[in-house]
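Below: the structure, in structure tokens.
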Amino acid sequence: MKYSDKILNTPSSFIRNILKVTDAPDVISFAGGLPNPISFPIEEMQNSINHAIEENGAKLFQYSTTEGYLPLRQYIADKYKKDFGLDFEPQDILITTGSQQALQLISQVLLNKGEGIVMEEPGYLGAIQAFSLAEPQFYSVTLEEDGLDAEQLEQTLAANDDIKFIYTVPNFHNPTGITYSREKREAIFEVVKKYDVVLIEDDPYGELRWNGEKLPYIGAGRLDNSVLLGSFSKIVTPGMRLGYLVTKNKELMHHINTVKQATDLHTNIFSQMIIYDYLVNNDLESHVRKIINLYETQANAMLNAMAKYFPSSVTYTKPDGGMFIWVTLEEGTSALDFFEKAMKEKVAFVPGDPFYTDKTNVNTLRLNYTNSSPEMIEEGIKRLGKILYSLAVEKQIV
């Protein structure tokens with residue numbers, strides 16, 4: 001069998017592969033980016049399913065428009081107006097099958113083989129995987145503790161006129177958990193506005209903030225080639241696979257709609273109508289606040305345990321929201337080797353390698369805290385700390 005170069009050059013999801021072997025009940029897993037199932041509004045969703053069927057009848061089971069359910073798109077537009085003062089209309093919004101589909105649609109519209117993408121380093125694995133299908137050239141720009149290195153971004157854009165877009169996760173970044181500062185957002189805007197490139201701001205975690213102020217986007221409302229991506233996966237339910245793409249660039253949206261038609265005609269209308277019914281008949285802010293309180297407790301449990309059990313030579317981010325903590329081991333320590341030792345102790349995480357486009361055997365790793373109890377987090381971090389101290393002893397002996 002002869003396969004296409006694009007599929008042979010696209011990495012399988014390292015995280016999905018890990019989840020296959022960490023599903024055992026005796027494994028403490030910090031590997032997935034899974035919302036905590038106790039946060040799912042199951043009873044309310046059951047009510048919305050029944051109500052949506054009663055209200056819409058056969059429409060709930062019929063083909064629908066490519067753009068998505070109009071009342072849901074209007075709801076999203078109104079929410080951006082309320083939360084950020086952004087002037088979006090329903091025609092600026094496309095409902096996608098999760099944000100992951102939006103990434104693939106954008107790359108199909110914008111990229112020819114070998115053309116460039118600016119990626120954060122480290123960057124979101126799902127985006128790397130989606131973009132790889134287009135066989136691009138990745139240009140990595142260092143992600144600092146407050147956002148992309150603006151000076152390096154400027155140098156990269158100036159030196160490479162094949163770059164089509166920049167991909168960012170500005171709030172509670174996956175995998176690092178950092179949030180771009182207000183100052184860094186402004187610096188990046190000043191750079192990007194000089195170049196004919198699309199700026200993508202992927203924001204699935206932005207509402208999960210427990211510390212600090214809500215910050216404006218980098219390009220939305222200011223850059224002609226701004227694209228925002230959002231999702232209901234982290235605040236309602238991931239299983240319905242509902243995301244959305246927002247841009248006021250009409251030509252770009254037209255082409256994305258065309259690719260969407262060719263891909264799947266439209267996103268599941270059943271899910272769209274149910275989610276809309278849930279959103280308009282329940283107190284979303286109260287629900288999200290419960291999720292935030294839960295995740296803050298879990299994040300603090302992990303940070304406190306790391307301070308207690310990890311060697312002082314190990315550093316890590318301290319997020320103000322979201323789902324992840326990024327850990328940096330001592331120089332020369334392989335996170336892949338650490339992972340193998342951790343699995344023997346029945347603890348899983350994601351080594352840093354798949355979050356880079358051009359580095360291997362790195363000394364970084366991602367921990368997720370949202371799908372474990374505080375007690376489980378304490379025990380898992382304790383086991384990891386024991387391994388880290390043993391690795392430090394081995395280095396001293398060598």
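Structure values in brief
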{"quantity": "Check on residue 48, more than 28 Å from residue 258 (Cα to Cα), crowded, with 20+ Cβ neighbours inside 10 Å and over 19 Å from the mean Cα position of the chain (by Cα)", "calculated": "yes"}
{"quantity": "All positions within region 372-386 that are assigned to a helix (DSSP H, G or I) and either within 16 Å of residue 29 (Cβ to Cβ) or out of contact with any helix residue (DSSP H, G or I) (no Cβ under 7 Å at 6 or more places or on another chain) (or both)", "calculated": "374, 375, 376, 377, 378, 379, 380, 381, 382, 383, 384, 386"}
{"quantity": "Search result, residues across region 303-338 that are under 23 Å from the mean Cα position of the chain (by Cα), more than 30 Å from residue 231 (Cα to Cα) and open to solvent by 20 Å² or more (accessible area, probe 1.4 Å)", "calculated": "315, 336"}
{"quantity": "Test: residue 77 is part of a helix (DSSP H, G or I), touching a Ser or Thr at 6+ places or on another chain (Cβ under 7 Å) and either open to solvent by 20 Å² or more (accessible area, probe 1.4 Å) or at pLDDT 95 or above (or both)", "calculated": "no"}
{"quantity": "Near pairs, Cβ below 6 angstrom, 6+ apart or cross-chain, from region 120-140 (in contact (Cβ under 8 Å) with a residue 40 or more places away in the chain) to any residue that is in a helix (DSSP H, G or I) and among the aliphatic types (A, V, I, L, M)", "calculated": "127/103"}
{"quantity": "Residue that is surrounded by the most Cβ atoms within 10 Å (Cβ to Cβ), among those in region 131-152 that are touching a helix residue (DSSP H, G or I) at 6+ places or on another chain (Cβ under 8 Å) and within 15 Å of residue 169 (Cβ to Cβ)", "calculated": "148"}
{"quantity": "Yes/no for residue 243 being on the phi > 0 side of the Ramachandran plot and either small (Gly, Ala, Ser) or touching a Pro at 6+ places or on another chain (Cβ under 9 Å) (or both)", "calculated": "no"}
{"quantity": "Condition check for residue 30: touching a strand residue (DSSP E or B) at 6+ places or on another chain (Cβ under 9 Å) and either polar (S, T, N, Q) or more than 30 Å from residue 255 (Cα to Cα) (or both)", "calculated": "yes"}
{"quantity": "Evaluation of residue 299 against (1) over 24 Å from residue 213 (Cβ atoms); (2) among the small types (Gly, Ala, Ser); (3) out of contact with any Lys or Arg (no Cβ under 8 Å at 6 or more places or on another chain) (one fails), failing number", "calculated": "(1)"}
{"quantity": "Residue identified as part of a helix (DSSP H, G or I), among the polar types (S, T, N, Q) and out of contact with any helix residue (DSSP H, G or I) (no Cβ under 7 Å at 6 or more places or on another chain) among 312, 390", "calculated": "390"}
{"quantity": "Which numbered condition residue 382 misses (of (1) under 25 Å from the mean Cα position of the chain (by Cα); (2) surrounded by fewer than 23 Cβ atoms within 10 Å (Cβ to Cβ))", "calculated": "(1)"}
{"quantity": "Per-region count, region 81-125, residues part of a helix (DSSP H, G or I), open to solvent by less than 20 Å² (accessible area, probe 1.4 Å) and out of contact with any Gly (no Cβ under 9 Å at 6 or more places or on another chain)", "calculated": "5"}
{"quantity": "Complete set of residues in region 277-302 that are open to solvent by 30 Å² or more (accessible area, probe 1.4 Å), in contact (Cβ under 8 Å) with a residue 12 or more places away in the chain and within 22 Å of the chain's Cα centre (by Cα)", "calculated": "290, 293, 294, 296, 297"}
{"quantity": "Enumeration of residues in region 133-162 that are in a strand (DSSP E or B) and either small (Gly, Ala, Ser) or out of contact with any Gly (no Cβ under 7 Å at 6 or more places or on another chain) (or both)", "calculated": "138, 140, 141, 142, 143, 144, 147, 148"}
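The values are calculated or read from the model by the stated rules, or taken from the named source; none is laboratory data. Treat the numbers as computed from the prediction; the structure is a model and nothing was measured. Note that we place each Cβ from the backbone using ideal geometry, even for glycine, and neighbour counts take in every protein chain shown. Just the protein is used for accessible areas: all its heavy atoms, side chains included, with ligands, DNA and RNA removed. Shrake-Rupley method; radii C 1.70, N 1.55, O 1.52, S 1.80 Å.
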